[in-house]
1. Can you put Met77, Met1, Met24 in order of Cβ neighbours within 10 angstrom, beginning with the fewest?
2. Pop out the ³J(HN,Hα) list for the range 50-57 in order, Karplus 6.51 cos²θ - 1.76 cosθ + 1.60 with θ = phi - 60°, rounded to Hz; leave Gly and Pro as x.
3. Just subtract the alpha-carbon distance of Ala3 and Glu65 from 0.36 nm times their residue separation and send over the number in nm, one decimal.
4. So what's the projected area for the chain, the Cα convex hull averaged over all directions, in nm²?
5. Can you list the trypsin sites (Lys or Arg not before Pro) in the range 27-72 that are in a DSSP coil and have 12 or fewer other beta carbons within 10 angstrom?
Amino acid sequence: MEAILTQSVLNSLRHFMYRNAIFMCERLCAEFPSETNLQLLASCYLQNNQSHSAYYILKGTRMAECRYLFALSCFQMDLLKEAEAALCPPNESSAE
């Protein structure tokens, strides 16, 4: 069932049906809570110009992809210091 919902969300995004994608992805996150599904929901919100919604669901996530989307939502809301902090967490070792 999770794969079917995910595919439905992706199809909706492909056809620019953002409200439908958000609805389906909210159902996906309710039934199968995971950070990966939250990332997909945040992508839906961002594509529908709902940065504030993406911000609230991604706050405190750990995956690098989620932190990137969180930083993007912060940037769109002009929260630049918070965006920088999300991209450069102090507890992550640098690969230099």
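Coordinate-derived values only; no laboratory data. Keep in mind it's a predicted model, so treat the numbers as computed, not measured. Here Cβ is always computed from backbone atoms with ideal geometry, including for glycine, and neighbour counts include all displayed protein chains.
1. Lowest count first: Met1, Met77, Met24.
2. 10, 4, 4, 5, 4, 4, 5, 7
3. Using 0.36 nm per residue and subtracting the Cα-Cα distance, I get 20.3 nm.
4. So the Cα hull casts an average projection of 6.7 nm².
5. Arg62
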